[in-house]
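Data block below; observations after.
Here, each number is a calculation from the coordinates, and none is a lab measurement. Only a predicted model underlies this, so the values are computations on that prediction, with no experimental measurement involved. With ideal geometry, Cβ positions are generated from the backbone for all residues, glycine too; neighbour counts draw on all protein chains shown.
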Amino acid sequence: MDYKLYVVTQEGEEREISYKPYEYNNLMELVVNELWEDWGDCMGRAICGTCHIEILGAYHAEPEQFEEHTISLLPNKKAKSRLACQITPDKRVNNMRFRILKDFD
Ligand code: FES
């Protein structure tokens, strides 16, 4: 069974992405595969903050301590900020809507 995610890109376009649970290690890899060729400077180690997203809508799991620290250093952090590389694309994020933040959005 395929699940769905809704992504608002940096250009403000909303895109729908289908995925199978555990097909990707994390949400960043899924987005890279579906939308971009390059995203996430530290390759998923929660250090760089370049895969910063804002969750829109209901789903919001609290970040782990290390992720929270990286987010706290970002000038554009939001109440529902997450790092896409730290989210597992499983059934819990089915229908999640989020937007990709620009560097200083
Ligand atoms: S890829 Fe660097 S924090 Fe996610």
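Counting only strands (runs of 3 or more DSSP E) that sit completely within the chain, those holding 2 or more residues that are of a type outside the set (Lys, Arg) and more than 10 Å from the ligand (Cβ to nearest atom) correspond to 3-8, 14-19, 52-56, 96-100. Among residues of region 47-66 that are under 14 Å from Ala84 (Cβ atoms), those with a Cβ under 9 angstrom from a residue that is within 8 Å of the ligand (Cβ to nearest atom) and charged (D, E, K, R), sequence gap 6+ or separate chain, pair up as Ile47/Asp41; Cys48/Asp41; Gly49/Asp41; Thr50/Asp41; Cys51/Asp41.
Go through the residues of region 31-38 one by one and say whether even a single one is buried (at least 16 other Cβ atoms within 10 Å of the Cβ) and under 27 Å from Asp2 (Cβ atoms).
Here is the first cut: in region 31-38, the residues buried (at least 16 other Cβ atoms within 10 Å of the Cβ) are 31-32.
If we keep only those that are under 27 Å from Asp2 (Cβ atoms) as well, we get 31-32.
Yes, region 31-38 contains at least one residue that is buried (at least 16 other Cβ atoms within 10 Å of the Cβ) and under 27 Å from Asp2 (Cβ atoms).
Scanning region 35-56 for residues that are more than 14 Å from Leu101 (Cβ to Cβ) and in contact with a Phe, Trp or Tyr (Cβ under 8 Å, 6 or more places away or on another chain) yields one hit, Ala46.
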